[in-house]
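Structure first, commentary second.
Please treat every number below as a calculation from the coordinates, not as lab data. Every value quoted in this text rests on a predicted model; they were computed, and no experiment measured them. When we count neighbours, we look across all protein chains shown, and the Cβ atoms used for this are built from the backbone with ideal geometry, even at glycine.
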Amino acid sequence: MTSAADLAALDAEVSECRRCPRLVAWRERVAVEKRAAFRDQTYWGRPVPGFGAADARILILGLAPAAHGGNRTGRMFTGDRSGDVLYAALHRAGLANQAEAVAADDGLRLAYTRITASVRCAPPENKPTPQERDACAPFLRREVALLRPTLRVVVALGAFAWSNWWPALDAVYGIAPRPRPAFGHGVVWQGGGPALLGSYHVSQQNTFTGRLTPAMLDDVFVEARRLAGVGGA
């Protein structure tokens, strides 16, 4: 496990990581080739650290940065359609000061909340390998350990994040439920350590098809606030 003394040191360490050759090659290739709409922009092209409050009560755990979202802007869920949905919901819930996230310097601030990912580099086809997931796991474990004094609930966006939470829970809290509870939207697990709350991922595949609606996401964050002991929005 990384020994970063605080979240700022951890974020700096994350942003310099080159552990996974396939991911390094992909994120840097995307940053050079770019998408036509962003051809005049300078891409971040590095691992993306977590973002939000250092004393967060709510941790939102995603899969990985998007190639032309976080990999471009350098901030989780910023500059892509998934982020548009997520931050609008956080704003409605009173957990973000604005509904849009377009750039790392756009003034966005989160309340009681930090956003992170299971894998910190944009993977090809949004599919990290098990080896890449495991190589990134120490960053999540250290992040959770640093948040432990205040952390009350983890919102897992999708089944990948849900399954990736259990090793972190075991490493930081010494809790390893058997069998592991199954993922589901709106499912809550409370068996020690932070509560775990499942949500369908805010991907275009889910939001465009109606599998995840704004109302469904609002319900998730109402419940997250309740579990975190945060007053009404």
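Less than 12 Å Cβ to Cβ from Ala93, Lys/Arg counted +1 and Asp/Glu -1: what total charge do the surrounding residues give?
On the way: positive: Arg92, Arg225, Arg226; negative: Asp218, Asp219, Glu223.
Residues near Ala93 contribute 0 overall.
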Toward the positive end of the charge dipole of the chain, about the Cα centre and with charges on Cβ (Lys, Arg +1; Asp, Glu -1), which of Leu63, Phe38, Ala228 goes farthest? Leu63
Hey, can you grab everything whose amide H is under 5 Å from the amide H of Leu63? Only 5+ residues off in sequence or another chain; H modelled, so Pro and N-termini drop out. Ser118
Using the Karplus curve 6.51 cos²θ - 1.76 cosθ + 1.60 with θ = phi - 60°, work out ³J(HN,Hα) for each residue of region 83-88 in order, rounded to whole Hz, and write x for Gly and Pro. x, 4, 5, 5, 6, 4
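Relative contact order of region 7-228, please, whole-number percent, based on alpha carbon pairs below 8 angstrom and at least 6 residues apart. Walk me through the intermediate numbers first.
Numbers: 420 pairs, mean separation 46.8, N = 222.
This gives 21 percent for region 7-228.
Starting from region 1-35, pick out the GluC sites (Glu not before Pro) whose DSSP state is loop and whose Cβ has at most 13 other Cβ atoms within 10 Å. Can you show the working numbers first?
Working: sites: Glu13, Glu16, Glu28, Glu33; in loops: Glu16.
Those satisfying the criteria are Glu16.
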With θ set to phi - 60°, apply the Karplus curve 6.51 cos²θ - 1.76 cosθ + 1.60 along region 160-171 and write out the HN-Hα couplings as whole Hz, x wherever there is a Gly or Pro. 5, 5, 4, 6, 6, 6, 4, x, 5, 4, 5, 5
